[in-house]
Amino acid sequence: MHISLHSIGFPDTLEVLEQIDHGFSRITLRAQPTAKSVPCTTCGTPSRQVHGFYWRSLGDIACFGHPTLLLVRIRRFRCIIPECPRRTFAEALPGVARPRARQTNRLRSVHRAIGLALGGNPGARHAATLGVPISRSTLLHRVCSSDADPIPPVRVLGVDDW
């Protein structure tokens, strides 16, 4: 099955391998990156020599009110330069998720927006009804750890008498 995730907001760097529906509690998709070669994280030399792979699970925004889990097959590559100190490296998912993250960037931004609008407990309850459950403490941590929106420059400054 060669379905592109581009239609639901992902870059064309992932393709769906299969969809798994073992129950109606969540939607699970298995995907893999489409790149043929990946640059080494240390020296930048592209490599095609696959050393192995592992499955990385990423939570994503809800689909039809059901939580979505994205299982991505991440390949580990060998660096082809003998002088490079890094022997193997894993491919990154730019535009999809941060390194070692358990959620996609889209889900992180949804959680941040809910946390900014509603706060801890109300935000966690609202997120659960939307199909993107999160605890109140993680929701507040997501708000505090995110980059703040840039403040526009002050055009008019009022001075009080007191």
Fill in: segment 60-68 - phi-based ³J(HN,Hα) in whole Hz, Karplus 6.51/-1.76/1.60, Gly and Pro as x
9, 5, 5, 10, 6, x, 9, x, 10
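In whole percent, and with a 1.4 Å probe on the protein chains, what portion of the accessible area of segment 91-143 is carbon and sulfur?
Details: 1690 of 2950 Å².
C and S fraction of accessible area: 57 percent.
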Practice prompt. Please turn the phi angles of segment 32-37 into ³J(HN,Hα) values with the Karplus equation 6.51 cos²θ - 1.76 cosθ + 1.60 (θ = phi - 60°), one per residue in order, whole Hz, x for glycine and proline.
Written response: 8, x, 9, 5, 7, 10
Response to the item:
Taking Cα atoms, the helix 121-130 axis meets the longest principal axis of the chain at an angle in degrees (rounded to 10) of 50
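Considering only the other residues whose Cβ falls under 14 Å of the Cβ of CYS79, what net charge follows from Lys and Arg at +1 and Asp and Glu at -1?
Working: positive: ARG48, ARG75, ARG76, ARG78, ARG86, ARG87; negative: GLU83, GLU91.
Result for the local shell: +4.
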Discussion item. Could you work out [θ]222 nm for the chain from helices alone, using -39500 (n - 2.57) per DSSP H run of at least four and dividing by all its residues? Round to the nearest 500 deg cm²/dmol.
Written reply: -6500 deg cm²/dmol
Worksheet, complete the sentence: Applied in sequence order to segment 100-117, the curve 6.51 cos²θ - 1.76 cosθ + 1.60 (Karplus, θ = phi - 60°) yields integer Hz couplings, x standing for Gly and Pro, of 6, 7, 9, 10, 6, 4, 5, 5, 4, 5, 5, 4, 5, 5, 5, x, 5, 7
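For the peptides 82-94, 132-144, what is the packing order when you average, over each peptide's residues, the other Cβ atoms within 10 Å and list the highest mean first?
Numbers: 82-94: 14.5, 132-144: 16.8.
The peptides rank, most packed first, as 132-144, 82-94.
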Worksheet item: Which label marks the calculated value of Rg and Dmax of the Cα atoms in Å, given the options (i) 15.4, 44; (ii) 20.4, 72; (iii) 19.4, 61?
Response: (ii)
Response to the item:
Expressed as a percent, the accessible surface of segment 13-65 that is carbon or sulfur, using a 1.4 Å probe and the full set of protein chains, is 55
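The values are calculated or read from the model by the stated rules, or taken from the named source; none is laboratory data. The shown structure was predicted, so the numbers you read here are calculated from the model rather than taken from an experiment. Don't worry about glycine lacking a Cβ; one is built from the backbone with ideal geometry, like all the others, and counts go over all protein chains shown. Heavy atoms of the whole protein, side chains included, go into the accessibility calculation; ligands, DNA and RNA do not. Shrake-Rupley method; radii C 1.70, N 1.55, O 1.52, S 1.80 Å.
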